[in-house]
Each structure stands twice: as structure tokens, then as C-alpha cells.
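These notes concern the structure reproduced below.
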Amino acid sequence: MRLHVFTSEYAGRPEELDFELAQISIFGREENFKLGVTGVLFFHEGRWLHIMEGEAAAIDELLESFAKDNRQANMHTLIDAEVPRRGIADWHMASFKIGPCEMLGIDELEMITQAYTESRNLETDMVVRFFRAMIESRAFADEPIAA
């Protein structure tokens, strides 16, 4: 089982964002189910955070598709690792639009990734909870997260 976490920037037209989010969620659920991939998609202020798990070939197929999708740019892998088991088996494509006070910048995501990978064994459900908790906690913190 492979865990792949990456971030990218929304490159679509701003006025189409809500429609695009709905389409991505619908298509993502169908495609992920077909490929046996589970995952979570966070979106905040123009940035995506994708967390996916599945067989390597299925993840690679999705990544190729994402690379060709003109709605996103600047894909950046945060985690690409084997995990011992599927951690979010019921989520073929859960999606969350993060509120306006929460942060999801690339530098912050890199620090969160480093802190997580240095301190824990990788299991997808824990990665999802870790990223969500760290992102949400940044809404009220005055100092950067220590790596």
C-alpha cells in the first residue's frame, strides 16, 4: 500500500472555483473507487493538499492525470511512502474546504511533513489527522511550527 501526499496550486478561473470543486469531488470519488484508491482533498486559498493511498500503479495513474489537469499547477510531493495498511478505507474522495483563517502555505506544509515523518510511523489515517490538526491549530498560533 502506497501513501502519496502532494500539494498544488489552483490554476483555474477564480469565478469557476466552486463549480470546479464540486466536479473534482464527484469525478474523484468515481475514479478513485474504480482504481481502488482512497483519499482526502483539502483546499484553502488557492492551494490543494491531496492525501491518497492505494496500489502504486493506481497512484501513478492518478498522478499522471493530475499533471495534465490544467486546473492545477506547481505540483509538489510531500510524502511518497509505503504504509502497512489502508488507513482511510471508507474515503474514496473526502474533501474539505478549509476556512479563511487557516493556513496551507508550501513552507508550512513542508515543516509539517518533516515534523511528522521524523516523529511517527506513516499510516494514512494518522497523516490525515496530523495535517488537519496542524493546519487548524495554525489559525490561532503566533509562532511558526518547530520542525
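The values are calculated or read from the model by the stated rules, or taken from the named source; none is laboratory data. Not measured: the values here are computed from a predicted model. Methodologically, a virtual Cβ is constructed for each residue, glycine included, from the backbone with ideal geometry; neighbour enumeration extends over all protein chains shown.
Overview of values
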| quantity | calculated |
| --- | --- |
| Unmet criterion (only one of (1) touching a residue at least 60 places away in the same chain (Cβ under 8 Å); (2) farther than 21 Å from Val127 by Cβ) for Asn70 | (1) |
| Hey, Ala89 part of a loop (DSSP other than H, G, I, E, B), among the aliphatic types (A, V, I, L, M) and surrounded by fewer than 18 Cβ atoms within 10 Å (Cβ to Cβ) or not | yes |
| Residue within the stretch 38-46 that is touching a residue at least 24 places away in the same chain (Cβ under 8 Å), crowded, with 17+ Cβ neighbours inside 10 Å and farther than 18 Å from Met75 by Cβ present | yes |
| Number of positions in the stretch 40-68 that are farther than 19 Å from Met1 by Cβ, in contact with a helix residue (DSSP H, G or I) (Cβ under 9 Å, 6 or more places away or on another chain) and at pLDDT 90 or above | 1 |
| Answer from Leu21, Leu78 - the residue that is closer than 26 Å to Glu110 by Cβ and either without any contact (Cβ under 8 Å) to a residue 60 or more places away in the chain or assigned to a helix (DSSP H, G or I) (or both) | Leu21 |
| Search result, residues across the stretch 11-35 that are exposed (fewer than 13 other Cβ atoms within 10 Å of the Cβ) and either in contact with a Leu (Cβ under 6 Å, 6 or more places away or on another chain) or not hydrophobic (A, V, I, L, M, F, W, C) (or both) | Arg13, Pro14, Glu15, Glu16, Asp18, Gln23, Glu30, Lys34 |
| Filter result for the condition that a residue is at pLDDT 85 or above, closer than 20 Å to Val128 by Cβ, among the acidic types (Asp, Glu) and assigned to a helix (DSSP H, G or I), over Glu15, Glu31 | Glu31 |
